[in-house]
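The values are calculated or read from the model by the stated rules, or taken from the named source; none is laboratory data. Everything numeric in this text was worked out from a predicted model, so none of it was measured. Backbone-built Cβ (ideal geometry, glycine too); neighbour counts: all protein chains shown. In case anyone asks, the SASA skips ligands and DNA or RNA and just uses the protein heavy atoms, side chains included. Shrake-Rupley method; radii C 1.70, N 1.55, O 1.52, S 1.80 Å.
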Amino acid sequence: MRLGALEAGGTKMVCAIGDEKGNIFEKISIPTLTPADSMPEMIEYFSKNNIDALGIGSFGPIDLHESSSTYGYITSTPKKAWTNYNLVGNFAKRLYCPIKFDTDTNAAALGEASFGITKGLDASMYITIGTGVGVGIFVENRLLHGMLHPEAGHILLAKHPSDTYAGKCPFHDNCFEGLASGPAIEERYGAKADTLADREDVWELEAFYIAQALVNYTLTVSPKRIVLGGGVMHQKQLFPLIRAQFAKMMNGYIKTKELKNLDYFIVPSSLRDNQGILGCLKLAESALKN
């Protein structure tokens, strides 16, 4: 199979060609501008590569329900140029191949479950913490959609008693994304996260919010492993802090083999930032099979 993969992000569109075994033959990046600017270049790229199917993992919210009149659309996104844009339909008009569509974080969760650190587990989560906070959920060997799709980056959290920051999210004062995303860190401290590596107070507070979210996910989704990715998680000193806070907050309530060693339960991404593309290749394979 010759498969196309599109990881449609808010900053860049990563387009790749690969196969069902997880081999990535080539990859390019196109800035996420307007559809009029970005779509022609992406369509040309996939057209000239003669792909058998295309898998798309997109920023959202998106409409994943095939019976819906707006299936394949990016819907109420803050990126105004892409609001109510028929992403799948506009590719389908030009590529004449099967297309499978999901969220970018679900695609990343699928990539890890197919080729990475959650392979062989029937329940896992992938969380990206960077420009925003996104969550992909893989349960009972399939991606979770439900009413819409997981928007678990916006769960509400209890603020740390010492935190006076108002929050970055325009919708919620105290959601995970608003308190712990890269832009929230930058606005709270007046500097980008990657320049604050030696500030213990920054990462203790960040670990407090991340661990609180992970406790909530563990109690509701019951994953067997949680993978943390995204730009903020390049600060590797976060992992032991998060695990320690998680253990404190969970307070021994759940006793399973997975939680006996948090080094194996809360883990970094394992696919060198290719988890989204690899998940999109699996979506393309699924589109072709169906």
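A compact table of results
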{"quantity": "Contacts under 6 angstrom Cβ, first residue in segment 202-217 being closer than 15 Å to Asn174 by Cα and open to solvent by 10 Å² or more (accessible area, probe 1.4 Å), partner assigned to a helix (DSSP H, G or I) and not hydroxyl-bearing (Ser, Thr, Tyr), 6 or more apart", "calculated": "Phe208/Gln245"}
{"quantity": "Of residues in segment 1-17 being open to solvent by less than 10 Å² (accessible area, probe 1.4 Å) and touching a residue at least 60 places away in the same chain (Cβ under 8 Å), the one farthest from Ser286 (Cα to Cα)", "calculated": "Ala8"}
{"quantity": "His154 of a type outside the set (A, V, I, L, M, F, W, C) and in contact with a Cys (Cβ under 7 Å, 6 or more places away or on another chain)", "calculated": "yes"}
{"quantity": "Subset tally (residues that are open to solvent by less than 20 Å² (accessible area, probe 1.4 Å) and out of contact with any Asp or Glu (no Cβ under 7 Å at 6 or more places or on another chain)) for segment 218-231", "calculated": "6"}
{"quantity": "Filtered residues of segment 240-290 (kept if open to solvent by less than 10 Å² (accessible area, probe 1.4 Å) and more than 23 Å from Ala16 (Cα to Cα))", "calculated": "Ile242, Phe246, Phe265, Ile266, Val267"}
{"quantity": "Residues of segment 173-186 satisfying the condition of being of a type in the set (S, T, N, Q) and in contact (Cβ under 8 Å) with a residue 24 or more places away in the chain", "calculated": "Ser181"}
{"quantity": "Every pair of residues 6+ apart whose Cβ atoms lie under 6 Å, when the first sits in segment 155-172 and is on the phi > 0 side of the Ramachandran plot while the second is in a loop (DSSP other than H, G, I, E, B)", "calculated": "Gly167/Asp173; Gly167/Asn174"}
{"quantity": "Odd one out for Ile30, checked against (1) closer than 22 Å to His145 by Cβ; (2) open to solvent by less than 50 Å² (accessible area, probe 1.4 Å); (3) in a strand (DSSP E or B); (4) not acidic (Asp, Glu)", "calculated": "(1)"}
{"quantity": "Check on Tyr73, in contact with a Phe, Trp or Tyr (Cβ under 7 Å, 6 or more places away or on another chain) and farther than 22 Å from Lys289 by Cβ", "calculated": "yes"}
{"quantity": "Among residues of segment 167-177, those that are open to solvent by less than 70 Å² (accessible area, probe 1.4 Å) and more than 16 Å from the chain's Cα centre (by Cα), counted", "calculated": "5"}
{"quantity": "Filtered residue count, segment 221-244, keeping only those that are more than 21 Å from Gly134 (Cβ to Cβ) and either touching a residue at least 12 places away in the same chain (Cβ under 8 Å) or touching a Pro at 6+ places or on another chain (Cβ under 7 Å) (or both)", "calculated": "4"}
{"quantity": "Unmet requirement for Met39, which otherwise passes all of (1) open to solvent by 20 Å² or more (accessible area, probe 1.4 Å); (2) farther than 27 Å from Phe115 by Cα; (3) without any contact (Cβ under 8 Å) to a residue 60 or more places away in the chain", "calculated": "(1)"}
{"quantity": "Candidates Lys255, Lys289, filtered to the one that is closer than 21 Å to Ala113 by Cα and over 19 Å from the mean Cα position of the chain (by Cα)", "calculated": "Lys289"}
{"quantity": "Cβ pairs under 6 Å, 6+ apart, first in segment 67-94 and hydroxyl-bearing (Ser, Thr, Tyr), second crowded, with 20+ Cβ neighbours inside 10 Å", "calculated": "Thr70/Asp63; Tyr71/Asp63; Tyr73/Asp63; Thr75/Asp63; Tyr85/Ile74"}
